[in-house]
1. How many residues are among the hydrophobic types (A, V, I, L, M, F, W, C) and within 16 Å of Val120 (Cβ to Cβ) when one looks only at region 40-51?
2. Can you name the residue in region 1-49 that is basic (Lys, Arg) and open to solvent by 60 Å² or more (accessible area, probe 1.4 Å) and is also nearest to Cys73 (Cα to Cα) among such residues?
3. Of everything in region 57-78 that's modelled with pLDDT of 85 or more and not in a helix (DSSP H, G or I), which residue is surrounded by the most Cβ atoms within 10 Å (Cβ to Cβ)?
4. Given the options Ala85, Ala81, name the one that is modelled with pLDDT under 80, surrounded by 15 or more Cβ atoms within 10 Å (Cβ to Cβ) and farther than 19 Å from Val8 by Cα.
5. Exactly one of these conditions fails for Ala42: (1) in contact with a Lys or Arg (Cβ under 6 Å, 6 or more places away or on another chain); (2) in contact (Cβ under 8 Å) with a residue 24 or more places away in the chain; (3) of a type outside the set (Phe, Trp, Tyr). Give me its number.
Amino acid sequence: MLWRQHTVYRDRAGGVVIRGEHVQRWISLAPSGRKDEVLLRAGRILDGGTTAPARSETVVPLGAGTGELATACRRLLAETAADAAPPAPAAPGRTKRSEKPKRPGRKGKRMSLAAWTILVCVVGVVALYAYSTATTGTR
C-alpha cells in the first residue's frame with residue numbers, strides 16, 4: 001500500500017525520503033553524523049511538485065525503538081501540516097441563505113490513524129535498514 005500512495009527514494013546524502021503527493025508533505029530519514037542517531041526532517045511539497053525546505057527536524061536515537069521513531073515522525077508531520085494551514089477566519093456574519101444540510105459520510109479522503117501508524121512503522125524499518133547498511137557496508 002505504501003508504494004501506491006507514496007514515492008520512496010534515496011536522496012543525494014544517502015537518506016531515505018518519502019513523498020506523499022496526496023497530502024503535500026515529505027519526510028526524510030538520514031544519518032545524523034553521530035553514532036546510533038537518525039535525523040528526521042519534514043516539509044511541504046509546493047505546487048508543481050517542488051520540495052520546500054524542511055520546516056521541522058529532530059534527532060532520534062536508534063536505540064529508542066520504532067515507537068519513539070514513529071512518534072517523532074507523526075509530530076514532525078503534524079507540525080508541518082499546522083504550519084501550512086491557513087489562519088482561521090474571523091467569525092463570519094450570518095447570511096440570509098439557510099445552510100445546506102450536511103450529508104453523512106466522509107468529508108474527503110483522509111488517512112486513518114492505523115494507516116499512518118503502518119506508514120511510520122514501514123518508514124522506521126526502511127530507515128533502520130538503510131542506517132544498518134550504511135554503517136556496516138554491503139558485501
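1. Taking region 40-51 first, the residues among the hydrophobic types (A, V, I, L, M, F, W, C) are 40, 42, 45-46.
Next, only the ones that are within 16 Å of Val120 (Cβ to Cβ) stay: 40, 42.
Matching residues across region 40-51 total 2.
2. Of the residues in region 1-49, the ones basic (Lys, Arg) are 4, 10, 12, 19, 25, 34-35, 41, 44.
With open to solvent by 60 Å² or more (accessible area, probe 1.4 Å) added as a condition, the list becomes 4, 10, 12, 34-35, 41, 44.
Values: Arg4: 20, Arg10: 17, Arg12: 21, Arg34: 19, Lys35: 20, Arg41: 8, Arg44: 14 Å.
Here the answer is Arg41.
3. The extreme case among them is Val60.
4. On the way: Ala85 fails: surrounded by 15 or more Cβ atoms within 10 Å (Cβ to Cβ).
Exactly one residue qualifies, and that residue is Ala81.
5. (1)
The values are calculated or read from the model by the stated rules, or taken from the named source; none is laboratory data. Keep in mind that what you see is a predicted model, and the values were worked out from it rather than measured. Heads up, the Cβs are rebuilt from the backbone with ideal geometry, glycines too, and the neighbour counts pull from every protein chain shown. All accessible areas refer to the heavy atoms of the entire protein, side chains included, with ligands and DNA or RNA removed. Shrake-Rupley method; radii C 1.70, N 1.55, O 1.52, S 1.80 Å.
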